[in-house]
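Notes for the one structure printed next.
What follows is calculated from the coordinates using simple rules that are stated; it is not laboratory data. This one's a predicted model, so the numbers in the text were calculated from it and none came from an experiment. As a convention, Cβ positions derive from the backbone with ideal geometry for all residues, glycine included, and neighbour counts pool all protein chains shown.
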Amino acid sequence: MDREDFDFLTFMLVEDNDQEEREMSAFKKSDKYARDMAFNLLSAGSEAVSSGLTWFLWLVAAHPLVEKSIVEEMKTNLNAKGDEKGRYFSFGELSKLNYLQAAICESLRLYPPVPFEHTVSIDSDSLPSGHRIGKNTRVIYCPYSMGRMEEIWGEDCLEFKPERWISNKGEIKHVSPYKFIAFNAGPRTCIGKDLAMVEMKAVGAAVIWNYSLNVVEDHPILPANSIVLHMKHGLMVRVLKRCLS
């Protein structure tokens, strides 16, 4: 495929030389596959990231100590200084911001962009819990609820605590994707996970470094009943230029 003609949807639909891909080629030519793939690319690549950022920025605005810690981390690790024209950060700089990443992970735990997931069994099987399921059985699980379960995350499961993601050495703790399920797990792990995290860190860092967000008083913060976990009434804030010393 020529570089100038490349687009990701076409890339996902074209036939490959791999044996498994050849076996899938007939299905890939179906309208249903093209429809489902286009929907996934649009929802995951745009809607999910915007949803995650909205909840993250609201949580940071509602927790001044977390906001202060993120700003101090940027000052300490990046030698960043105030700039009247604003500032954004490179990929290399973003990799140094562990506390920022921890805050994003904590936000995704509490407010996963996709609050419900479902899968269908291709044959009879037994779940890890011991429950038997039959062929073509639809199994629905709820990442939103799983992120708030005391037996999974402890007694402070409802608290926004980025520190739970930081090791004693100040590094990001590895958490099993079967526990932190925001990006799914196993063969169904989101292929855009790393890109989504970089996008959220880049936008989050730029916004927090340059601006202070004050949520409008009495503005209702509620999740919308939708496939992607948007805020029902949006996020209304007053944006103030941050003063950095």
Inset, instruction - Could you work out the per residue convex hull volume over the alpha carbons of the range 61-213, in cubic angstrom? - result: 131 Å³
Legend entry - Relative contact order of the range 65-155, pairs being alpha-carbon contacts under 8 Å that are 6 or more residues apart, as %: 22 percent
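By counting other Cβ atoms within 10 Å of each Cβ, how are 195, 110, 229 ranked from fewest to most? All intermediate terms of the calculation are to be shown ahead of the outcome.
Numbers: 195 13, 110 18, 229 22.
Least crowded to most crowded, the residues run 195, 110, 229.
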Inset, instruction - With an 8 Å cut-off on Cα pairs and a minimum separation of 6 or more residues, tell me the relative contact order of the range 130-245 in percent. - result: 14 percent
Inset, instruction - For each pair in 32/232; 169/201; 173/241; 169/193, compute the distance between the two Cα atoms and list the pairs where it is over 23 Å. - result: 32/232; 173/241; 169/193
Inset, instruction - Determine, for 200, 231, 149, the number of other Cβ atoms within 10 Å of each Cβ, and report the residues in order from fewest to most. - result: 149, 231, 200
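Rg(Cα) of the range 110-185 divided by 2.2 N^0.38 Å? Spell out each step's value before the answer.
Numbers: Rg = 15.2 Å, N = 76, 2.2 N^0.38 = 11.4 Å.
Normalised by 2.2 N^0.38 Å, the Cα Rg of the range 110-185 equals 1.33.
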